[in-house]
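The next block holds one structure in the form of structure tokens; read it before the comments.
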Amino acid sequence: MTDKERPTAHDAEDDPRNRNIKIFVNGRLVPRDQAVVSVYDSGFMLGDGMWEGLRLYDGRWAFFDDHMDRLFDSCRAVSLDIGMSREEIAAALAMTAEANGMTSDAHCRLMVTRGVKMRPFQHPTLSRSGPTVVIIMEHSKPVDRMEGAGIRLATVPQVRGLPHAQDAKFNSHSKLNCVIACLQAEAAGADEALMLDPHGFVNTTNSCNFFIVRRGEVWTSTGDYCMNGVTRAKVIEVCRANAIPVFEKNYSLYEAYGAEEAFLTGTFGAQTPVALIDGKAIGDGTAGPVTRRIRALYEDLVSAETSR
Ligand SMILES: Cc1ncc(COP(=O)(O)O)c(C=O)c1O
């Protein structure tokens, strides 16, 4: 397998329709090959922006309110005025989905940056013309990893830092911290990075949240140093509602290596089984019984939410 063919947590089946999608750029729907932002854009220059990944199921955006809570909280924390209400964002998503004929199996990247700068420097007050809002919506069916082999993780030197450096809860345009971690994992022959927290406890991966299963219990990190993932929260919710013991706690690689099952969570792939951590096999390398049960409960929750 060449480097380009390695699996990632975001592998989707190739869909030729995506070559001709329309992209929402500041209120206009533009063909993909003409959808551009300024080289002076704060997002391009500095990674100064926030984004959300959402999935469309049966004409409804799953957990839309949770995604909006996170986006509005993040933008508020960095004084980025989105310039749109939640209802206006919902209308923009609907308009983009309709223009692309999408009702299900679509993934959206909603991006908001501080907008075009007057001059190519850092100061936020140089961004005066208002935000840049882009919606990329693609036909997207994640490759089903519940049947085949899971993802290979490698623990990397890059950590998710303390919240007073750059809070891991910011879904910021700059993902350099995550990209560095992913490069380190690739160099170690893995698909995705397992990142520790500043104290050395197991934390998250470069693009997803991380769970292990030990003796029937589901463990994930305290949540202090990772993305407050919507899928993470929903997994904890379905475990609690169905008497599956679940704990947000500190644990180390010692316990991760001895896990019976491990899986990643994210809006794109829902729950993705882990096959290897630092070369050590987890279970038989495919989704174990607890991961499967959680996946089924999560699917039920998505169906309930999107049929309301
Ligand atoms: C670093 C990181 N962790 C976890 C997640 C998963 O979050 P969610 O479940 O809300 O998609 C994301 C998604 O944006 C992410 O970027």
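The values are calculated or read from the model by the stated rules, or taken from the named source; none is laboratory data. Given the structure is predicted, the values throughout are model-derived calculations rather than measurements. FYI the Cβ positions are ideal-geometry reconstructions off the backbone, even for glycines, and counts take in every protein chain you see. Just the protein is used for accessible areas: all its heavy atoms, side chains included, with ligands, DNA and RNA removed. Shrake-Rupley method; radii C 1.70, N 1.55, O 1.52, S 1.80 Å.
The table below lists the values:
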quantity	calculated
Å² per residue, accessible surface of the chain at 1.4 Å	48 Å²
Mean separation of Cα contacts under 8 Å (6+ apart) over length of the chain, as relative contact order %	19 percent
Long-range HN-HN contacts of residue 143 with modeled amide H, under 5 Å	11, 12, 13
Simple spin-label estimate for residue 125 and residue 215 in nanometres, 7 Å along Cα-Cβ	6.0 nm
Residue list for the stretch 20-54, given a label point 7 angstrom along the Cα-to-Cβ vector of residue 183 and an amide N cut-off under 19 Å	44-48
The stretch 146-184-the stretch 232-260 distance, computed between alpha-carbon centres (Å)	19 Å
Portion, in percent, of the accessible area of the chain that falls on carbon or sulfur, probe 1.4 Å	53 percent
Eligible lysines near residue 141 by straight Cα distance, threshold 27 Å, same-chain separation 8 or greater	4, 22, 169, 175, 234
Cα-Cα P(r), the chain, percent of pairs per 10 Å interval	6, 26, 34, 25, 8, 1
Extension gain from residue 88 to residue 296, taking 0.36 nm per residue of separation minus the Cα-Cα distance	71.6 nm
Highest average packing first - 80-89, 181-190, 269-278, Cβ atoms within 10 Å	269-278, 181-190, 80-89
Karplus-derived 3J(HN,Hα), 6.51/-1.76/1.60, for each residue of the stretch 141-150, Hz, glycine and proline x	10, x, 4, 6, 9, 6, 8, x, 6, x
